[in-house]
Structures are given as structure tokens and as C-alpha cells.
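The values are calculated or read from the model by the stated rules, or taken from the named source; none is laboratory data. Since we're looking at a predicted model, the values are computed, not measured. Glycine also receives a Cβ, built like all others from the backbone with ideal geometry; neighbour counts cover every protein chain displayed.
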Amino acid sequence: MSTFENKEKNLNKLIDKLATLAPSYSQSTNEAGKLIAEKAQINLEKKEIEKKHQELLREHKYLKNKLVKLQEEIEKKSELEQKFNNDIENLSQETENLVEEIEKWQT
């Protein structure tokens with residue numbers, strides 16, 4: 001964005017210089033009018049680009065927040081899955097122990 005701003009400043013300086021030189025070199029006011037119109041067009045384009053830039057920044061912020069929320073949700077689900085797997089492992093171990101106890105009593 002810095003390069004864009006530098007180019008804009010340089011262009012504005014050039015247009016201002018040309019506007020002051022136009023009467024001294026007997027240039028037609030038509031050319032000065034063209035330069036003013038071009039400057040107005042460039043300023044309009046600049047405003048449109050800045051508006052689009054702001055929209056992109058808002059969208060980026062929204063998507064970044066959404067990504068953070070999704071990552072948090074994945075972490076929570078991963079923790080729940082790990083807890084569930086541990087519970088299953090514990091139940092499996094308890095079942096094996098019960099089966100062993102039953103076998104002992106049956107013999």
C-alpha cells in the first residue's frame with residue numbers, strides 16, 4: 001500500500017505543477033481540465049479501492065474469528081473423544097476382570 005500512496009502523492013504533485021505551469025506556457029485550459037478530470041477519476045478509483053480494502057479486512061477478521069471458534073470446537077471434541085476412549089478402555093478392563101473372577105468362581 002505504501003507504493004500506491006507514494007505514486008498517488010507523486011501524481012498529485014505532478015498535477016499541481018502542471019496546473020501552475022499551464023497558464024505560463026500558454027497551454028490550453030482544456031488540457032488542464034483533462035488533468036483535473038483525470039485526478040478526480042483517480043481519486044474516485046482510490047476511494048473504491050480503499051472501500052474494497054476495508055471490506056476485505058472485515059471479511060478477514062470474520063473468517064479469522066470463525067477459524068478460531070472452529071479450532072476450539074475441534075479441541076473440545078478431541079478432548080471428549082479421548083475421554084470416551086479412556087472410559088471404553090476402563091470398562092473393557094473391568095469387564096475382563098469380572099470375567100476372570102467369574103471363571104475363578106466357576107472352577
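Considering the stretch 1-48, the residues that are among the polar types (S, T, N, Q) and not in a helix (DSSP H, G or I) include one that is modelled with the highest pLDDT, namely 28.
If you filter the stretch 42-86 down to residues that are of a type in the set (S, T, N, Q) and more than 16 Å from the chain's Cα centre (by Cα), you find that the one that is surrounded by the most Cβ atoms within 10 Å (Cβ to Cβ) is 43. A single entry from 75, 59 fulfils the requirement of being farther than 23 Å from residue 2 by Cβ, out of contact with any Phe, Trp or Tyr (no Cβ under 8 Å at 6 or more places or on another chain) and modelled with pLDDT of 95 or more: 75. Out of curiosity, is residue 39 surrounded by 10 or more Cβ atoms within 10 Å (Cβ to Cβ), charged (D, E, K, R), touching a residue at least 12 places away in the same chain (Cβ under 8 Å) and within 30 Å of residue 11 (Cβ to Cβ)? Answer is yes for this residue. Would you confirm, using the coordinates I've provided, whether residue 51 is touching a residue at least 24 places away in the same chain (Cβ under 8 Å), under 30 Å from residue 17 (Cβ atoms) and part of a helix (DSSP H, G or I)? So residue 51 does not fit the description; no.
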